[in-house]
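K.L.:
Structure incoming, see below.
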Amino acid sequence: MPAPDLNGRRVLAVCTNYGVEQDELAQPVDHLRAAGASVDIAAPEGDRIDTLVGDRDPGSPLHATHRLGEVSADGYDLLLVPGGTINADSLRLEDGAVALLRAFSASGRGVAAICHGPWLAVEAGVLEGKTLTSYPSVATDIRNAGGTWVDQEVKVCGANGWTLITSRTPEDLKAFLGAVDDALTA
């Protein structure tokens with residue numbers, strides 16, 4: 001299967017400066033950039049992002065291109081929300097990240113969240129009528145926020161006028177990235 005042509009597409013990834021699951025940020029960013037997309041990474045403190053592998057082992061550091069407070073949804077086609085328990089739990093307390101997710105959904109633009117990443121959508125209050133997946137421990141929070149949780153490798157939901165792409169774990173990255181590619185080329 002040929003690589004998608006994502007030239008002209010812009011993606012914003014949001015995470016905290018510590019605790020993001022390495023592969024859930026690095027692999028999508030590398031994949032999207034290799035396909036021609038412009039990808040920005042926003043974190044609260046900007047600069048260095050210390051990733052983790054399996055929520056405990058140090059991963060390779062990455063670098064933010066912007067501080068979270070410096071970015072808006074304007075001009076981006078998709079919001080990428082990686083997981084990592086520490087990252088996702090802290091990110092949902094960042095007002096700027098919550099506001100970004102609300103802005104993407106309200107404007108009909110896509111959101112792609114993996115593993116614990118859907119916690120940000122729970123906090124944003126945008127899951128009523130949506131069907132999605134996540135790491136299993138987030139299922140009750142999703143249901144309490146009005147969403148329907150399913151145990152699937154990837155779930156794409158277009159309800160309520162915006163696309164939500166979700167997956168469960170790093171093992172689902174191939175399917176997740178395929179769905180992200182499809183959303184960005186539709």
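K.L.:
Kindly indicate which of Asp141, Asp77 is under 13 Å from the mean Cα position of the chain (by Cα) and not basic (Lys, Arg). Don't jump to the end; show me each part of the working.
P.N.:
Details: Asp141 fails: under 13 Å from the mean Cα position of the chain (by Cα).
Step by step, each of Asp141, Asp77 is checked, and only Asp77 is under 13 Å from the mean Cα position of the chain (by Cα) and not basic (Lys, Arg).
K.L.:
Let me ask something else. Can you name the number of the only condition in (1) farther than 18 Å from Gly83 by Cα; (2) polar (S, T, N, Q); (3) surrounded by 16 or more Cβ atoms within 10 Å (Cβ to Cβ) that Thr185 fails?
P.N.:
Just one mismatch for Thr185, condition (3).
K.L.:
Within the stretch 140-186, work out how many residues are outside any helix (DSSP H, G or I) and either of a type outside the set (Ser, Thr, Tyr) or closer than 20 Å to Ser107 by Cβ (or both).
P.N.:
Of the residues in that region, 20 qualify.
K.L.:
Identify, from the list Pro136, Pro82, Pro118, the residue that is touching a Lys or Arg at 6+ places or on another chain (Cβ under 9 Å) and in contact (Cβ under 8 Å) with a residue 24 or more places away in the chain.
P.N.:
Details: Pro82 fails: touching a Lys or Arg at 6+ places or on another chain (Cβ under 9 Å); Pro118 fails: touching a Lys or Arg at 6+ places or on another chain (Cβ under 9 Å).
The match here is Pro136.
K.L.:
Going through the stretch 170-181 one residue at a time, which ones are more than 25 Å from Gly125 (Cβ to Cβ) and either surrounded by 20 or more Cβ atoms within 10 Å (Cβ to Cβ) or touching a residue at least 12 places away in the same chain (Cβ under 8 Å) (or both)?
P.N.:
The answer is Pro170, Asp172, Leu173, Ala175, Leu177, Gly178, Asp181.
K.L.:
Could you pull out the residue among Asp182, Asp141 that is under 23 Å from Arg9 (Cβ atoms) and among the charged types (D, E, K, R)? Even if it seems obvious, please write down each step before you answer.
P.N.:
Values: Asp141 fails: under 23 Å from Arg9 (Cβ atoms).
Unique residue meeting the criteria: Asp182.
K.L.:
Gly8 is checked against (1) assigned to a loop (DSSP other than H, G, I, E, B); (2) surrounded by fewer than 19 Cβ atoms within 10 Å (Cβ to Cβ); (3) touching a helix residue (DSSP H, G or I) at 6+ places or on another chain (Cβ under 9 Å) and fails just one. What number does that condition carry?
P.N.:
Here Gly8 clears every test but (3).
K.L.:
Hey, any hits in the stretch 118-134 for a residue that's buried (at least 24 other Cβ atoms within 10 Å of the Cβ), under 12 Å from the mean Cα position of the chain (by Cα) and outside any helix (DSSP H, G or I)?
P.N.:
Among the residues of the stretch 118-134, at least one is buried (at least 24 other Cβ atoms within 10 Å of the Cβ), under 12 Å from the mean Cα position of the chain (by Cα) and outside any helix (DSSP H, G or I), which makes the answer yes.
A short reminder: the numbers here are calculations on the coordinates, not readings from a lab. If you're wondering where the values come from, they're calculated on a predicted model, not measured in any experiment. No Cβ is skipped: glycine too gets one built from the backbone with ideal geometry, and neighbour counts run over all protein chains shown.
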